[in-house]
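For reference, the structure is listed below as structure tokens.
The values are calculated or read from the model by the stated rules, or taken from the named source; none is laboratory data. Values in this document were obtained by computation on a predicted structure and should not be read as measured data. Here the Cβ positions follow ideal geometry from the backbone for every residue, glycine too, while neighbour counts run over all protein chains shown. Protein only, heavy atoms only, side chains kept; ligands, DNA and RNA dropped before computing areas. Shrake-Rupley method; radii C 1.70, N 1.55, O 1.52, S 1.80 Å.
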Amino acid sequence: MSTIKKEQNIKKILKEFLPSVETKFSILKGDLLEKSEKKFIFNNPNAFIIGLIADQSVKAELAWSLPYNLYKRLGTFDFKVIIKNFDVLTLEQVIKQKPALHRYPNRMANYIYLAIKKIVNEYNGNAKEIWQNQKASVIVQRLEEFKGISHKKTSLGTLLLVRDLDVNIEDKNNIDIAYDVHIRRIFLRMGLVDKDTQDNVVNEAKKINPEFPGELTTPFWAIGREYCFANNPDCINCPLKDCCEEYNNIKRNKKVGV
């Protein structure tokens, strides 16, 4: 199968697969969070930024529940009030309280405190100004200015604005696929990239779906979480198995008795 044909097949398969997982794995439209947690993020742009920052080294469910639980523990989510009445050490202790809101309370407290200050000082206390009536290229640039938001999380965050918050962004071609561990593993196993680098994965995603590369994040991530495990992957049920070099190599080896 030629590379172009393979990329076309992958795009077709993922387009058909996406509706079955788009809601299930949606932060605000699926079942990953409690209703109160989803409502809090949906109605509070500042909570969206804090959730995005927290989405690191923990499951999405824990990361995105942090804003609501932080609000309950602090008794406020007014960023001007928080800056006036709390410091980084206090935030760290609040995050540490059992059950802990994150695996890395010290790091998160620092990132969150800096984000609060930035939103107050540069966006009038309202994170919605980061993306309202803006192009993806501008949103990406602004999000990457936050400590704790990498290019991977910027790509994810911009996708979530479109997918979960229904923000209208015209230049979706500037929204990259998230350089996530599940996605990286699939790209390597399928032979889509030879080396695991962000540039390789991002550029290949642009070839598969140039009009909206970030749209591929959801189906690839879901497949990595549901089928393409790091150990003992469920290849036989994976929607992408026929396009996967590793799976096809396994089949060939079995035929010759290896």
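From the list 252, 225, the one residue that fits, being within 16 Å of residue 184 (Cα to Cα) and modelled with pLDDT under 95, is 225. Any residue at all in region 41-64 that is without any contact (Cβ under 8 Å) to a residue 12 or more places away in the chain and small (Gly, Ala, Ser)? The answer is no, given that none of the residues of region 41-64 is without any contact (Cβ under 8 Å) to a residue 12 or more places away in the chain and small (Gly, Ala, Ser). The listed residues are 56, 8, and the only one of them that is in a loop (DSSP other than H, G, I, E, B), closer than 18 Å to residue 218 by Cα and either open to solvent by 20 Å² or more (accessible area, probe 1.4 Å) or in contact with a strand residue (DSSP E or B) (Cβ under 9 Å, 6 or more places away or on another chain) (or both) turns out to be 56. For region 77-119, the tally of residues that are under 26 Å from the mean Cα position of the chain (by Cα) and either open to solvent by less than 70 Å² (accessible area, probe 1.4 Å) or among the aromatic types (Phe, Trp, Tyr) (or both) stands at 22. Only one entry in 6, 12 is among the charged types (D, E, K, R) and at pLDDT 95 or above, namely 12.
None of 196, 166 is open to solvent by 40 Å² or more (accessible area, probe 1.4 Å) and either of a type in the set (S, T, N, Q) or more than 29 Å from residue 112 (Cα to Cα) (or both) except 196. Checked against the criterion of being at pLDDT below 95 and part of a helix (DSSP H, G or I), the candidates 48, 25, 42 yield just one match: 42.
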